[in-house]
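The values are calculated or read from the model by the stated rules, or taken from the named source; none is laboratory data. Given the structure is predicted, the values throughout are model-derived calculations rather than measurements. For neighbour counting, all protein chains shown are included, and Cβ atoms are generated from backbone atoms with ideal geometry for every residue, glycine included. Please note that ligands, DNA and RNA were not included when accessible areas were found on the heavy atoms of the full protein model with its side chains. Shrake-Rupley method; radii C 1.70, N 1.55, O 1.52, S 1.80 Å.
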Amino acid sequence: MPPEIIRVVAAVVSRGDRLLVCQRPPHKRHGGLWEFPGGKCEPGESDDEAAGRELREELGVAVTHVGEEIASFQDPDSPYLIAFVPVAIAGEPTCHEHTALRWGTPTELAALSLAPSDRRFVETLLAGTRA
């Protein structure tokens, strides 16, 4: 029997043409790689609720709006389906769980060591296509 798919919300937070990414702690899966912030949806939790909870915990910000999913990718060798959703926030993000954060254009982000699904998303943005 295949493992249950676990939905993960990846928040695409923008400031102009720059997007927010965070560096994963070394002890976690994909440790040291850069990712869009977010996390697993709890059972029965909507994307809006998951994004609000995760960004409050990880970055100390309030989510003011969650848009429709832009793209989603199955994370290689895991049960995670990563859904990239546009998110508006209030407050200045600070690292509560990540080791660093930065803002960059898709071209700048492509030069970082991104987690696999995050790399696919940035490549989708650069190609101007939707997944």
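Laid out as a table, the results:
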{"item": "Extreme residue, farthest from ALA10 (Cα to Cα), among residues of the range 113-131 that are touching a residue at least 24 places away in the same chain (Cβ under 8 Å) and of a type in the set (D, E, K, R)", "result": "ARG130"}
{"item": "Test for GLU54: is it acidic (Asp, Glu), within 17 Å of VAL13 (Cα to Cα) and buried (at least 17 other Cβ atoms within 10 Å of the Cβ)", "result": "yes"}
{"item": "Selection count, the range 96-112, where residues are touching a helix residue (DSSP H, G or I) at 6+ places or on another chain (Cβ under 9 Å) and without any contact (Cβ under 8 Å) to a residue 60 or more places away in the chain", "result": "3"}
{"item": "The range 81-95 residues that are farther than 15 Å from SER46 by Cβ and of a type outside the set (A, V, I, L, M), paired with ones that are at pLDDT below 95 and surrounded by fewer than 15 Cβ atoms within 10 Å (Cβ to Cβ) (beta carbon under 9 Å, 6 or more apart)", "result": "PHE84/ALA131"}
{"item": "Residues satisfying the stated conditions in the range 58-84, i.e. within 14 Å of the chain's Cα centre (by Cα), within 20 Å of ARG102 (Cα to Cα) and not aromatic (Phe, Trp, Tyr)", "result": "GLU58, LEU59, VAL63"}
{"item": "Among (1) at pLDDT below 95; (2) open to solvent by 70 Å² or more (accessible area, probe 1.4 Å) - the single one HIS98 does not satisfy", "result": "(2)"}
{"item": "Residues of the range 20-45 satisfying the condition of being more than 22 Å from ALA115 (Cα to Cα) and open to solvent by less than 50 Å² (accessible area, probe 1.4 Å)", "result": "GLU45"}
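Listed here are the residues, each with its yes/no results for (1) touching a strand residue (DSSP E or B) at 6+ places or on another chain (Cβ under 8 Å); (2) open to solvent by 30 Å² or more (accessible area, probe 1.4 Å); (3) within 18 Å of LEU125 (Cβ to Cβ); (4) at pLDDT below 95.
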residue	(1), (2), (3), (4)
VAL9	yes, no, yes, no
VAL13	yes, no, yes, no
ASP17	no, yes, yes, yes
GLN74	yes, yes, no, yes
VAL85	yes, no, yes, no
ARG102	yes, yes, yes, no
THR107	no, yes, yes, no
